[in-house]
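All remarks here apply to the structure that follows.
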Amino acid sequence: MTNNASDSLSLPVAGVLAGTGAGPGPLAGRVAVITGASAGIGAATAHRFAAAGAAVALLGRRSGRLDDLAATLRKEYSAEALPLAVDVTDSVALTNAASTIRAALGRPDLVVANAGVMLGAPFDEADTAEWDQMIDVNLRGLLATGRAFVADLLDAAEAGRPADLVNLSSIAAEVIFVDYPVYGATKAAVSQLTRNLRVSLGPRGVRVRSVDPAFAVTELGDDMAHEATRAGLADMRTAITTITAEDVADAITYSVAVPARVNIAELTVVPTELG
């Protein structure tokens, strides 16, 4: 036996994930904010959200890429797309960006805190400046993102609309990867933070979830200084059939398009070969 409400949802979501753009889209009328939107999972998620009918604010450090992405979203989906060059480690810039988004698109009701860096190295050989960078971006930047938009999410929930805060964590939060101790620690912090926020914000109508990808083919890790660890990452990604940024974006889009009464609290997206 099937549930009619679930059936009615599955058709537009399937259309979006297939890229058909059929109907008004399950995210029509929503205002989304995506950090780290210039490439990888952030850019792929922007495509999926725009195809699903959302207005999208694109935050990242590379303004040229953001401008190109916004132009593509407008052309392909007739989407409202607002590119904003913002470093998530700058809380003042994030606060200013939030004001700009409200004025241009309306109050956000969907935030994807995707910006992150992965810099691996053996603990005794690592450049400690890379530790600081991961802590600043992966944890402090994510905290600042949530704080900048939490009032908007609570406002949406109070008005009876869906409200979502999606934090990008990693399978490294749960599984030990040799030579990635600090990266894993930052992602473990993200996962635990997300669980706590889910308890505090869920009763107020805001759905909070973590998304934990593994071995997605993106730019993540390309800029790590430790040559052997960087080469090892490339080897790991070629040893199995990996997932893509679009695969993760599909999962995120599905999770925010389900009925407001449902929260897919923790979403792990891994290659099939990992089991």
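Please treat every number below as a calculation from the coordinates, not as lab data. In this text, all values refer to a predicted model and were calculated from it rather than measured experimentally. As a convention, Cβ positions derive from the backbone with ideal geometry for all residues, glycine included, and neighbour counts pool all protein chains shown.
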Original post:
What ranking, highest mean first, results for peptides 52-60, 246-254, 228-236 when packing means the other Cβ atoms within 10 Å averaged over each residue?
Top reply: 52-60, 246-254, 228-236
Original post:
Roughly how many nanometres apart are two label points built 7 Å out from the Cα toward the Cβ at Arg195 and Leu154?
Top reply: 2.4
Subject >> Protection-proxy order for peptides 87-95, 133-141, 120-128, each taking the mean of Cβ atoms within 10 Å per residue, highest first >> reply: 133-141, 87-95, 120-128
Original post:
Which residues does a label at Asp124 reach in region 180-212, if reach means a backbone N under 17 Å from a point 7 Å past the Cα toward the Cβ?
Top reply: 180-182
Original post:
Val56's amide H: which non-local residues (gap 5+, or another chain) put their own amide H closer than 5 Å, with H modeled 1.01 Å from N in plane and none for Pro or chain starts?
Top reply: Ala32, Glu80, Ala81, Leu82
Original post:
What FRET efficiency, computed as 1/(1 + (r/R0)^6) with R0 = 22 Å and r the Cβ-Cβ distance, is obtained for Glu76 and Ala103, rounded to the nearest 0.05?
Top reply: 0.30
**OP:** Using just the helices of the chain, give the 222 nm mean residue ellipticity in deg cm²/dmol: DSSP H runs with n ≥ 4 each add -39,500 (n - 2.57), and the total is spread over all residues, rounded to 500.
**Re:** -15000 deg cm²/dmol
Subject >> Degrees, to the nearest 10: 91-105 long Cα axis against longest axis of the chain >> reply: 30
**OP:** Could you work out how far helix 63-77 tilts from the main Cα principal axis of the chain, as a 0 to 90 degree angle to the nearest 10?
**Re:** 40
Original post:
What is the order of Arg48, Arg204, fewest Cβ neighbours within 10 Å to most?
Top reply: Arg204, Arg48
**OP:** Output ³J(HN,Hα) for region 42-49: one whole-Hz value per residue in order, computed from phi by the Karplus curve 6.51 cos²θ - 1.76 cosθ + 1.60 with θ = phi - 60°, and x for Gly and Pro.
**Re:** x, 5, 5, 5, 4, 4, 5, 5
Subject >> Length gained when the stretch Ala260-Ala28 is fully extended (0.36 nm per residue, less Cα-Cα span) >> reply: 82.1 nm
